[in-house]
1. For q values of 0.14, 0.17 Å⁻¹, compute log₁₀ I(q)/I(0) with the Debye formula on a Cα-only model of the range 1-99, without solvent.
2. Just want the answer: with Cβ charges of +1 for Lys and Arg and -1 for Asp and Glu, which residue in Ile73, Ala50, Thr97 is farthest toward the dipole's positive end in the range 44-105?
3. Which residues among the range 68-103 fall inside the zone where the amide N is under 14 Å from a point 7 Å beyond the Cα of Thr114, along Cα→Cβ?
4. With the alpha-carbon atoms as the only input, what is the per residue convex hull volume for the range 76-138 in Å³?
5. By its C-alpha gyration tensor, with a ≥ b ≥ c as the square roots of the eigenvalues, how is the range 1-59 shaped: rounded for a/c under 1.5, else prolate for a/b larger than b/c, else oblate?
6. Report the calculated FRET efficiency for Glu88 and Ala126 (r = Cβ-Cβ distance, R0 = 22 Å), to the nearest 0.05.
Amino acid sequence: MSELISQIWTPQMQAAFTIVIVLLVILYVLSIVWVVRDAYLRGAAWYVWAIVALVPIVGVIAYCLLRPPMLRIDKDEQELEVALKQRELMKYGECATCGYPVEMDYVICPNCHTQLKNLCSHCEKALEPAWTICPFCATPVGGAQKSRSAAASSRSRRRTHSERSHSSSSAEA
């Protein structure tokens, strides 16, 4: 048997065996380096995963099964995209009653049917509730129109009263 082993275990076989062992050690070290680097990039506790990866084969398999699903940079990018979309929605606005995103020219909330803006009686464009005059056609809006018509009627009453008093004084003369 030792003769058979000595015939198989030639210097070439010893060199090949040594090369295979060295390659396996290099692969083992590189797998630990990969686990540590990948765990760091994913925002995981890389030092814990380095200790787990020291267990040959099982450590790397455990890391591959339990590692975080996204790289930290991808996660940050995704959060930025969500924030950008929220900012775009805020550019349009929200319903004060239900918080539903609404566009600037909506007159009524499509979700809860709350009136968001007034309509101009002349050009039918959406107006902010605080506006007293339509900036598109210069028509007085709602309450402003009533107050202006009241002011105009009181002015016409004053004119009529002053005309009466003026005409009565000229008739006396």
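Taken together, the values in this text are just the output of simple stated rules run on the coordinates, not laboratory data. Quick caveat: nothing in here was measured; it's all calculated off a predicted structure. A quick note on method: Cβ atoms are made from the backbone with ideal geometry, for glycine too, and the neighbour counts reach across all protein chains shown.
1. Taking Cα atoms of the range 1-99 as identical point scatterers yields -0.73, -0.83.
2. Of the options given, the answer is Ala50.
3. Backbone N within reach: 93-103.
4. Hull volume normalised by residue count: 96 Å³.
5. The shape class here is prolate.
6. It comes to 0.65.
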